[in-house]
Amino acid sequence: MVAHPLLRQAAVQSRLAARLSKKRTAAHHPQRAAAPAAMMCTTSTPPLSAQPNQYVTGVTNDQIEANQAMRDWYLANFPSWKEDPETNIVTDSLDTSAAPDENKGETEITTNPHAITLPPSLTQRNIRPLVAYLRDSTNETGTRNCDRLRNPTTPNSDDYFPLIPGILHGSDPTSDILSIHPDSKLLVKTPWFEIQRELDRYASGRNGSFENRVYALTIYPSKDAHVGYHRSVRTLTKDDTTYHLNEETMEVTEIPPTPPQVLPDRTPLMENVLVIPSDLQLHPVAHSALCVNFIRYHPDKPIKIPIRTVNEEESPAMKRGGFIAFVNTFVECLVEEGGVIPERIELECSGLRQKDVVRRERLIIPEGVRFHPRVRDDFLVGTVFGAKGGGGADGDAGEEEAKK
């Protein structure tokens, strides 16, 4: 009997699958591979039944029993398909509760061994880590050289590593650094994905807080700039060996997995320098970072913290569609040494009515934070606006009359 070409191809694929299954069984379960075929089915377990879908995808035992032509074709092309122990699959009637789940925990993503770990004294203060590298003052300054940092020549390579130029500057009395000294200014370059990660999390501009947060900046030498230090290591708990089939000789060749890249340890030049991002420049269309500078932070330095509203549902105006037209979306504050730097300053909206003027007394200041002396008592936050009759005095009076 001459088989159809597609069926012959299916037969070749099935033989390859059987060989690969045998190799994997020998690798994971040597005792099972060494056991004779007669020992694989004992009287204490139901008999194993062969699965025809190992040869042709989708074919079941019920279809073969109901179709004489299909039975003849299987006997002509695969005479020993019922007796081949390599293609036997345990049926659902067999108790496999004690068998290990090989697919469970098949992949694991571990943390980067070169990742920066901050001490608890910084993480408890709501400070996040950032990594930067020194920038060469001769070959990495100027418009063209900075463009090469942002756009490397190999965008599709595994070593693609865009860097964003910037400057670290500012005074720090705790470290005897004054901004008037030329040595206080350092040329740095920050990995693009380090900045983009924070922009995706906190955003920027009027409603963002990226430029109003404190980060612990770790600076490495320029020669240590490599994308491998920023990758997470992905490990597989199963065999990651691949196989190649030579269609002419029908020989299977094992291809071992690629060993993970091992990079030497590096020593930072500066570690956990507290900074505030500033002068962020974004691409006008792609909105990706083009430049970002860093200003040194110390406890006596004011920081602008964003204002966020709370209890809007308790405001007669805002629960009817009103809103606050903000004049100031940030407020300058001073944080005590060792104090927690808040994500936001909450604005209490309870009882706000239309045309009310919101000032500093409605801001809720957390413990360890105080207003900067420049923020006066009549500091204007904004004014409440809304639809006509939405929460004003006349609207409330009319609602009371309607209830009566």
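The values are calculated or read from the model by the stated rules, or taken from the named source; none is laboratory data. Model, not experiment: these values are computed from the prediction. Backbone-built Cβ (ideal geometry, glycine too); neighbour counts: all protein chains shown. Accessible surface is based on the protein model in full, side chains and every heavy atom, while ligands, DNA and RNA are left aside. Shrake-Rupley method; radii C 1.70, N 1.55, O 1.52, S 1.80 Å.
For this structure, a couple of remarks:
- Residues that are modelled with pLDDT under 85, more than 13 Å from VAL227 (Cα to Cα) and among the small types (Gly, Ala, Ser) within the stretch 142-161 are absent altogether.
- The stretch 214-227 residues that are in contact (Cβ under 8 Å) with a residue 24 or more places away in the chain and acidic (Asp, Glu), paired with ones that are assigned to a loop (DSSP other than H, G, I, E, B) and open to solvent by 10 Å² or more (accessible area, probe 1.4 Å) (beta carbon under 6 Å, 6 or more apart): ASP224/ARG266
- Near pairs, Cβ below 7 angstrom, 6+ apart or cross-chain, from the stretch 181-195 (under 25 Å from ARG231 (Cβ atoms)) to any residue that is of a type in the set (A, V, I, L, M, F, W, C) and in a helix (DSSP H, G or I): LYS189/LEU149
- Among the residues listed as SER204, SER222, SER171, SER184, the single one being out of contact with any Pro (no Cβ under 7 Å at 6 or more places or on another chain), under 15 Å from ALA289 (Cα atoms), among the hydroxyl-bearing types (Ser, Thr, Tyr) and surrounded by 14 or more Cβ atoms within 10 Å (Cβ to Cβ): SER204
- Here ILE195 fulfils each of the conditions (1) part of a helix (DSSP H, G or I); (2) modelled with pLDDT of 90 or more; (3) over 27 Å from the mean Cα position of the chain (by Cα); (4) not basic (Lys, Arg) apart from (3).
- Against the numbered list (1) part of a loop (DSSP other than H, G, I, E, B); (2) open to solvent by 40 Å² or more (accessible area, probe 1.4 Å); (3) modelled with pLDDT of 90 or more, PRO100 comes up short only at (3).
- Qualifying residues in the stretch 139-153 (those that are in a loop (DSSP other than H, G, I, E, B) and out of contact with any helix residue (DSSP H, G or I) (no Cβ under 9 Å at 6 or more places or on another chain)) - the one nearest to PHE210 (Cα to Cα): ASN151
- Candidates GLY395, GLY390: the one that is out of contact with any Asp or Glu (no Cβ under 7 Å at 6 or more places or on another chain), modelled with pLDDT under 90 and in a loop (DSSP other than H, G, I, E, B) is GLY390.
- Wholly enclosed strands (runs of 3 or more DSSP E) of the stretch 282-380 bearing at least 3 residues touching a residue at least 60 places away in the same chain (Cβ under 8 Å) and under 32 Å from the mean Cα position of the chain (by Cα): 289-296, 303-310
- Sub-9 Å Cβ pairs linking a first residue in the stretch 243-260 that is modelled with pLDDT of 85 or more to a second residue that is aromatic (Phe, Trp, Tyr), at least 6 apart or interchain, are THR253/TYR243; GLU254/TYR243; ILE255/TYR243, ordered by first then second residue.
Condition check ((1) closer than 23 Å to LEU199 by Cβ; (2) in contact with a Phe, Trp or Tyr (Cβ under 7 Å, 6 or more places away or on another chain)) across all residues:
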residue	(1), (2)
ALA289	yes, yes
PHE294	yes, no
ASP300	no, no
PRO306	yes, yes
PRO316	no, no
ALA325	no, yes
THR329	yes, no
LEU334	no, no
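- Annotation note: Cβ proximity below 9 Å between a residue of the stretch 142-160 that is open to solvent by 100 Å² or more (accessible area, probe 1.4 Å) and a residue that is hydrophobic (A, V, I, L, M, F, W, C) and assigned to a helix (DSSP H, G or I) (sequence gap 6+ or interchain) occurs for ASP158/VAL227.
- Of all the numbered requirements in (1) open to solvent by less than 90 Å² (accessible area, probe 1.4 Å); (2) farther than 28 Å from THR123 by Cβ, VAL262 misses one, and that requirement is (1).
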